[in-house]
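Chemist: Quick one: the structure is below, and I'll ask about it shortly.
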């Protein structure tokens, strides 16, 4: 059952959710172009060592989301979506100020942890969308949320790359102001979408980040898709883990070029997810769209590993775009398999699995990158991590095909 809102209130609410998810990704993408310079600003490290530090920082971000994703989801099931969303947005504004003032690596790690806690608001955002959207329309709605992720990857790296030319800390001040404005906007227009009669008591056992996986045993039809999504996020973590360091080591990119390439991908991904997801689902269904996305993901990763100049990378960004359809398609399929009062729990469980995969993946791929770019590497090869990612993505694709055939046979 979905809650009925007037068209005007529904548009305003979705606008706020879109901006909130976008700002989550701004916070995630903001630091990527300036990360090498930011690490150098607080210490002296080689590029391969800085990559490991950067990967560990992203792992801290993912760990915070892993621990707090199910807490946020279950709190929203108990107390409503509105207060938790507003709290997370306010916390994100505080984090940007905190990170802008960071004097050491330890402070930067603390800032990444705070950003991870507040960035878990996308769990509530997904539950919010499920509250106000009919089951058959959720793939399109989650596609729009995917578009917000894509636009966040436009704005975040663009801010980080362009404003980073004035100093690696300047982008954080701008992001803090944007988050504060979004909080003010949401405070006045955001409705509550979970009525009291549909709420349930908060239970720490459900909010346990590992206990959140129990939702998948309660609704076993979602388990194969969760496995695929978790492995998909593990492999996809190669991009935030090494992209700026790979760009510097392979091509000598500046922060502005790093930000521009990520922004270009964000535009392409946003158009793909926001414009094409609905029509593609109507014509081919979620399963086939996800399958195509995984195929292009494997091809793109291999291409990055072998790329020899910037024009080739720009072509690969277009080939890479359908990968962005995988996440919303799998989320839509899973959301259909659980009742309305468990949407927050489901999204919390998915977030836990995904963030645990990102946590391990960022450490794994930065270690691979460092091993093949350090002074004694035999021989140095900056793209090797992408080649490894391509092989692993091919395994994810094979696993998804196996699960899909099993599902079809059972049906």
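Chemist: Of 19, 31, how do they rank once you tally other Cβ atoms within 10 Å and put the fewest first? Could you put the intermediate results ahead of the total?
Modeler: Details: 19 21, 31 29.
Neighbour counts put them in this order, fewest first: 19, 31.
Chemist: For region 231-370, restrict the atom set to alpha-carbon positions and state the Rg and Dmax in Å.
Modeler: Rg, Dmax (Cα atoms, Å): 16.4, 51.
Chemist: Sort the following peptides by mean Cβ neighbour count (other Cβ atoms within 10 Å, averaged over residues), highest first: 223-230, 356-363. Each step should come with its number before you reach the end.
Modeler: On the way: 223-230: 20.1, 356-363: 22.5.
Top of the packing list down: 356-363, 223-230.
Chemist: Tell me, how many Å apart are the Cα centres for region 225-283 and for region 29-90?
Modeler: About 17 Å separates the Cα centre of region 225-283 from the one of region 29-90.
Chemist: When 320, 287 are ordered from fewest to most other Cβ atoms inside 10 Å of their Cβ, what list results?
Modeler: Details: 320 22, 287 17.
Starting with the residue having the fewest Cβ neighbours, the order is 287, 320.
Chemist: Rounded if a/c is under 1.5, else prolate if a/b is larger than b/c, else oblate: which is region 47-115, with a ≥ b ≥ c the root eigenvalues of its Cα gyration tensor? It would help to have the intermediate numbers written out before the result.
Modeler: On the way: a/c = 4.26, a/b = 1.85, b/c = 2.30.
Oblate, because a/c is 1.5 or more while a/b does not exceed b/c.
Chemist: Let me ask you something else. Order of 309-318, 93-102 by packing, highest average Cβ count within 10 Å first?
Modeler: On the way: 309-318: 14.7, 93-102: 19.3.
Averaged packing, sorted descending, gives the order 93-102, 309-318.
Chemist: Given axes a ≥ b ≥ c from the Cα gyration tensor, I'd like to know whether region 28-68 is rounded (a/c under 1.5), prolate (a/b larger than b/c) or oblate. The partial results should precede the final answer.
Modeler: Values: a/c = 2.73, a/b = 1.86, b/c = 1.47.
Prolate.
Chemist: Further, regarding this structure: What ranking do 217, 76 get, fewest neighbouring Cβ atoms within 10 angstrom at the top? Show your work: numbers first, answer last.
Modeler: Working: 217 9, 76 30.
Exposure proxy ranking, most exposed first: 217, 76.
Chemist: Sort region 266-318 into rounded, prolate or oblate with this rule: let a ≥ b ≥ c be the square roots of the eigenvalues of the Cα gyration tensor; rounded if a/c is under 1.5, and if a/c is not under 1.5, prolate when a/b is larger than b/c, oblate otherwise. Write down the numbers at each step before the final one.
Modeler: Working: a/c = 4.40, a/b = 1.83, b/c = 2.40.
Oblate shape, in that a/c is at least 1.5 and b/c is the bigger or equal ratio.
Only the coordinates and a few stated rules stand behind these numbers; no lab work does. Treat the numbers as computed from the prediction; the structure is a model and nothing was measured. Every residue, glycine among them, receives a Cβ derived from its backbone with ideal geometry; neighbour counts consider all protein chains shown.
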